[in-house]
Structures are given as structure tokens and as C-alpha cells.
Amino acid sequence: MPAMLKNLFDRCQWAGLRGTGFQGAVIQGAVIQWAGIAFFDSARGSGKPRVAVVVLACAVFFASATLGVTQEPEQIAKWVAELGNPKFEVRDQATGRLSGLSTDQLELLQTMQASASDPEVRVRLGSVIAKLKSERQQQIIGVFLRDPTMQEDHGLKGWNSFARVAGATRSSKRLFLQLYERHAELVEKEILDSDQGAEIARKLVSRIQESEIRRGDGVDKSDGLALLYTVCVSEGDKKTPLNASALRLLLRAPFNQALRDPQSKRSVEAMMERWTTTLDDGYEQTVAIQIMVEADLNSARLLSRRMLERAAAGSEIEPGDLLRAFQVFFRRGKPEDIELLEAWLERKEVCEESMSIAGGFPPAGQNPGNRGGADGGAPGPGDARLVSTVELRDVALLACMQVRGIDYRQYFPTILISQLWGYIPRSIALPPTSEKVRETRLEAYRNLVLKSGSGQ
């Protein structure tokens, strides 16, 4: 029986395990140890040591199938030549043997394919190379994911630039690898600077827009991730409307789906935080807030803080855009935001209003086409009547009450709750003659704060 084990050990060498380095040596040793134990156990127990032979043969087959076979270049060249053999069986067998090679010999096959003149050889080698590339990709991915150091790229050079914007974490690694299928170049190549990132992002936007014009199905949620990554690296391209184009795409499906992976939430938040610091326009900031709110990202709060701080410092931001920021604080505000919010408790700018057209219904006997305007015809601008308004001080007070844990329903009895934005703004609107109501509830809030003895 020792001779039988020796023969099977030689079979391991034939299968290429010796030529696959440390990994092959480990598996080879484990196979022989396992088979030896099985051999002696079966010999001692049932008296049928041939069971061990079956066990060892299966182990050798598994190991050789898993690791691939390493062969001498001369043997590989012989099989490559057989790819052009007139007999189909010979060509097919040669293809199978080449497909079982180790991924370490991928470069040699690529060189042979480049120098091959026979179209049949080039095509068959192409399929073999594609298979080995896929196997190598899976091997690299496995090592990359298991590496606890986080900094080593293991040949995936794009990880260096991705980690800079998303953070070097395990969740970032998983998010990064989602790009591999459709954007392999972003995984295999590092984006070296902001100009290169902007160029890649612009090309990606153009490709997506062209695909949508053709009404094709050539878009995927990974396009949204690739777009977020590249515009983040671009650090806000000011030469072209890249930010606006990217925001419009990330606002809708399928591109926004990439931002909603709960396992990668912190990595996505890190990228959004970094990107939104480059947004100066109030409208763009509001769109970014909407994207983050819909994806349930906490980074919406940080952008909202920047908007209020910039507006307080004199930057021109529309009250309607600031309204969205206050709604974010209603849902995600923290005690450290109180001082910033209370600075707006007396700001009377209107952020939402409702208008009524006078004479909306024609009086009895009047031509239905006449809507009852001041001149007997269609209503004009002068016929519009302001019905109710929401002011910045209203939404600031509501946010302050929510953050402090005060029962705001007592002071905003008509409020309608919104799952996404916290509440519906028009539900807290008041008629223009409601100054007394606003002053009374602000005074009540200040008294409650003083009574609680909490300045913050």
C-alpha cells in the first residue's frame, strides 16, 4: 500500500500542485495527510484499504480542478499548435487542456494569441484567456476581501483612489467590487487626480445620456455608483455643468439604487459628504439633499448645516431651498444644532405660499368662459390673493421643538406628517393676519426652554 500512496502522490505532482507555490504545497500536504489517515483507519477498521484510494483520488481531482495545472512552455506551445489541427477532436482536447492551466500562465497565452496567425487558434485561445482571466479575478477578489490591512490593493489599483473618497473599510471594499462587472477599468486602474476623475465622469454622463436617447437598456445601478465615485474624485468640476448633470441622474432610478445599500451606507455617506462640499449653488445643494434623504443618508444633515451657515453669513440662498434644510433638521437634528436653528426664529422670509384667484367660479348667469376677473374677463395678476404662508421662522421653530423633545402638535395643530420629509410644509401654513399666533408660540417656546433650565 505505501507504493500506492507514492503513485497517488506523484499524481498530485502531475496535476500541477507542486508548481502552484505555497497554496499548492499546503493543499498537497493536506491531501496526503487526509488520505493517510483514511487509509490506516480503513485498514484497521474494515480491512478494506481501497476505500482510502477512492478518497485520495477524489481529493487529488478536487485540488487539481481548483488550482489549475502548471505546464512547461513547450507543452503549452504544443497544445496551442493543436488548436489549428484539421481534426475537431484534437482541437477540442487541446482547448480543454489549455483551459485547465494555472492563471499564472495567462500572460504566456496572451503572447501566443498575439503572435498566432490562424483565426481558429486566435478564437479558441481567446475563450481560454477569458476563462483564466475570470478565474484570476475571483482569486484576487478573494485575497483582497480577506486582507485585514485594508491598504493593500492586491493588483486592484483603483482601490487606492476609491479608498481615499469612501474610506478604507471592509464595507467600502464590497462597494468597490460592485464596479467590476461593468466598470473594470475603474477597479484595475487608479484615478490619479481630479482632472482625470472629471474626464471619466463626463464620459460616463455622455454614455448614459446617449443610451437613454436610444431608449436602450444599457444602464445599470452600478453606473450610478461609478458616477458618484468619479465626480467625488473630480472635486467639483467648475469648467462644465458636471455636478448638475450628475445630480439629475442620481436623482432617479436605476442610478440612485446604488446609494441605498444598507451594508455600504457609511461609505456612500463619506462620498456624498466629500462631493457636496464642492456644491455652491443653492438649487444643486437642495437636489443633493433630496438624493440623500431618499437614500436615508445621514450626510443630509451636514449639508443642511452648511446651507444655513452660508445663508446666515450672507450667501444668497432661496428661502424655498432653506425650507428643505429645516425639514432635514426636523428628522435628523441633534442637540448641537439648536444654536444654529434658534438664530432663525425671527426670520420672516416666506419659503412657501398659497394663492387664490379671485372670482374662481363665475357668478350665476355669467358666461362660463368668463372667470370673473376685475375687468369681467379672465383673472389677471392683480386678481391673485395671498391665502397663507410658511415663513422661515415657522420651520425653524418646528425643528427646534422637535430636537428639544417639545410637543409641537400643541402649537402646530394642523401639521401633516410625511415619512420622507418629516412633515408637509403647507400643512403648517398660516393666513397673512396670523402675526399674533406666531409671536405667541415663539414666546411659549422660550418660556419652556427657560423653565427646563436648558440653554442647549
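Hey, fewest Cβ within 10 Å first, where do Ile191, Ile338 land in order?
Working: Ile191 26, Ile338 19.
So the ranking, lowest neighbour count to highest, is Ile338, Ile191.
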In the range 142-239, the GluC sites (Glu not before Pro) that sit in a DSSP loop and have at most 14 other Cβ atoms within 10 Å of their own Cβ are Glu152, Glu181
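Near Val293, within a Cβ-to-Cβ distance under 12 Å, what is the net charge of the other residues, with Lys and Arg +1 and Asp and Glu -1? Let's see the in-between values first.
Numbers: positive: Arg260, Arg301, Arg324, Arg331, Arg332; negative: Glu294, Asp296.
Net local charge, Val293 excluded: +3.
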Least to most buried among Glu269, Glu339, by other C-beta atoms within 10 Å and fewest first, runs Glu339, Glu269
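Given the pairs Lys133/Lys173; Lys203/Lys265; Lys133/Lys221; Lys239/Lys334; Lys131/Lys189; Lys348/Lys451, which span a C-alpha to C-alpha distance of over 29 angstrom in this model? Write down the numbers at each step before the final one.
Values: Lys133/Lys173 20 Å; Lys203/Lys265 26 Å; Lys133/Lys221 24 Å; Lys239/Lys334 37 Å; Lys131/Lys189 21 Å; Lys348/Lys451 26 Å.
In this structure, Lys239/Lys334 lie more than 29 Å apart at Cα.
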What percent of all Cα-Cα pairs in the range 73-146 falls in each 10 Å bin, counting up from 0?
20, 52, 20, 7, 1
A student applying the Cα gyration tensor rule (rounded when a/c is under 1.5; otherwise prolate if a/b is larger than b/c, oblate if not) would label the range 158-297 rounded
Near Lys87, which lysines are there with a Cα under 19 Å away, not counting those fewer than 8 places off in the same chain?
Lys78
Using the count of nearby Cβ atoms within 10 Å as a rough guide to exposure, how do Lys131, Lys87 rank from fewest to most?
Lys87, Lys131
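Values quoted throughout were computed directly from the atomic coordinates according to the rules given, and no laboratory measurement underlies them. This one's a predicted model, so the numbers in the text were calculated from it and none came from an experiment. So basically every Cβ, Gly included, is an ideal-geometry build from the backbone, and we count neighbours across all protein chains shown.
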